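Q: I have a structure here, written as structure tokens, and I will follow up with some questions on it.
What follows is calculated from the coordinates using simple rules that are stated; it is not laboratory data. All values reported here derive from a predicted model rather than from experimental measurement. Glycine gets a Cβ as well: all are built from the backbone with ideal geometry, and neighbour counts include every protein chain shown.
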Ligand code: TXA
Ligand code: MG
């Protein structure tokens, strides 16, 4: 083990690692599961290092069947330590990370390049133990360099999905972190992941490893090695595979350095658990507040499209489908808000304190509309919601020029709901997905209704894995029609899928990003998603809601809803 303030030794790159590609990489996935790593919380770094040394040594002989695996693993580890190749993707319990040595500016630049990440978005740094963190910050067991406010917190929740902000150590104290790890920030976010694979990597590299989520910027965070490959194939050399991530959403980022502790990004550790622990231990974390919303002074680039509500949030009404605030019935009105686009945020006056929160993340390629009845006890699948869904669906399919052979009564009702006839773009095929959660049935209950819109089209059941689906096909035809080429009208298809996110917040967290990626795989043009409702989440968990300061709160619920809003192109809020 290196002594307290020792600089990490820089190994000599082997010829193989020196020649590794920065671009047009032959990305290789290395399965870590055959290593059979111990899972205990208290496993020491030295144990992980011993396992690694034994594995690499025993597999050095070219005769060994595992030789190739060991060779790749040692190249991945060496490339991280030497820092001359692109970053290495690795599993954590939250999501996959894209790792590079946090003290090496050119390796860190490689992370931004591979992800296409905006250069003002700081990175989280992963360490293997509290002792490792002290060493990086220039502290000792006698004189800690970690702010006191975090001491009990780290011991309670690490290793695990919690990131804490700590001031950048002064020049000459601890290691010198690369400036591009913390662009524009006086703090760095640190965490100790609980995944044995992440801890193994941190132990064997003995480096503070900066690691954002290993997705291309703007895509949902990856929760399997395959998701990483889908995004970064050819851009990195190695993906370490540890199977599916247990938590499925990123860590909770907290700032305990101000007067009131803040959650800058909700995540895998829920606010309720944090508060409950703070109350039990009578410390400041009992008062932790949400600090992630852009609260005041948000200006959109285009004026006249939004209205401001009493919280200062701008409700934005896109021109695209001409929907403004509408009264659906005496009891229910709804508002369609387009969510924040990166480009719309150029005039933000009060930026969120975690810079990453201002970007539109987790977005599938298709247009996703989130039906949100949050805060209400109403089930989101009642007759009124169903009729709003039908209207939205009809206007969407008509915008693709699909009502060409609709029965007259449907055509008329579409004409009345679609004010955007000029936007009709004729498509040969159109794919819709329903993402159901706490109360929608499969296809939001609209399967028969959709089929009734196309009475003459052929119905096909689509083969699926976790999703179910059907398609309606027009069949090839002669004569005039949309997309006509040489007098032949090609077959047109409407594909409809339904994907279940789960009925409780933990399952939804676990499945959300993978489901959004499935929507991309299915090439969905339009996604109707149901925001889970608080009351249903509680009911399905069969436990009492947690009452803190007289307010019903559920941190996991908040995390899921925040991620879904980020993924959505628009949020349709239902107000009873
Ligand atoms: O679970 C996780 O946190 C994953 C795994 C790989 O550990 N990592 C992750 O990193 O989600 P990333 O870079 O995708 O998200 C980090 C978030 C961003 O919103 C960033 O703006 C914020 O944390 N952040 C990082 N350092 C910060 C700082 N010094 N001050 C404020 N916000 C910071
Ligand atoms: Mg990320």
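Q: Segment 167-216: D in µm²/s via Stokes-Einstein (Kirkwood Rh, Cα pairs, 20 °C, 1.002 mPa s)?
A: The estimated diffusion coefficient comes to 169 µm²/s.
Q: Using only the alpha-carbon atoms of segment 129-204 as identical scatterers, what base-10 log of I(q)/I(0) does the Debye formula give at q = 0.19, 0.25 Å⁻¹?
A: Computed log10 I(q)/I(0) values: -0.87, -1.36.
Q: If you wrap a convex hull around the Cα atoms of segment 182-272, how much volume per residue is inside, in Å³?
A: Value for segment 182-272: 137 Å³ per residue.
Q: Please arrange 146, 450, 236 by how many other C-beta atoms lie within 10 Å of their C-beta, fewest to most.
A: Result, fewest neighbours first: 146, 450, 236.
Q: Evaluate the distance, in nm, between pseudo-label points positioned 7 Å from the Cα of residue 16 and of residue 129 along their respective Cα→Cβ axes.
A: Output for this residue pair reads 2.9 nm.
Q: Given a Förster distance of 51 Å, report the FRET efficiency between residue 146 and residue 382 from their Cβ-Cβ distance, rounded to the nearest 0.05.
A: Approximately 0.50, to the nearest 0.05.
Q: Additional query: Under the classification rounded if a/c is under 1.5, otherwise prolate if a/b is larger than b/c and oblate if not, where does segment 197-244 fall, given a ≥ b ≥ c as square roots of the Cα gyration tensor eigenvalues?
A: Cα axes put segment 197-244 in the prolate bin.
Q: For segment 20-89, rounded, prolate or oblate, judged on the Cα gyration tensor with a ≥ b ≥ c (square roots of eigenvalues), a/c < 1.5 rounded, else prolate if a/b > b/c?
A: Verdict is oblate for segment 20-89.
Q: Which ordering of 58, 29 is given by a fewest-first count of other beta-carbon atoms within 10 Å? Please list the in-between numbers first.
A: On the way: 58 12, 29 15.
Listed from fewest to most nearby Cβ atoms, that is 58, 29.
Q: Given the alpha-carbon gyration tensor of segment 27-145, what are the semi-axes of its equivalent ellipsoid in whole angstrom, ordered largest first, with each equal to the square root of 5 times an eigenvalue?
A: On the way: eigenvalues 139, 94, 34 Å².
With the √(5λ) rule applied to segment 27-145, the semi-axes are 26, 22, 13 Å.
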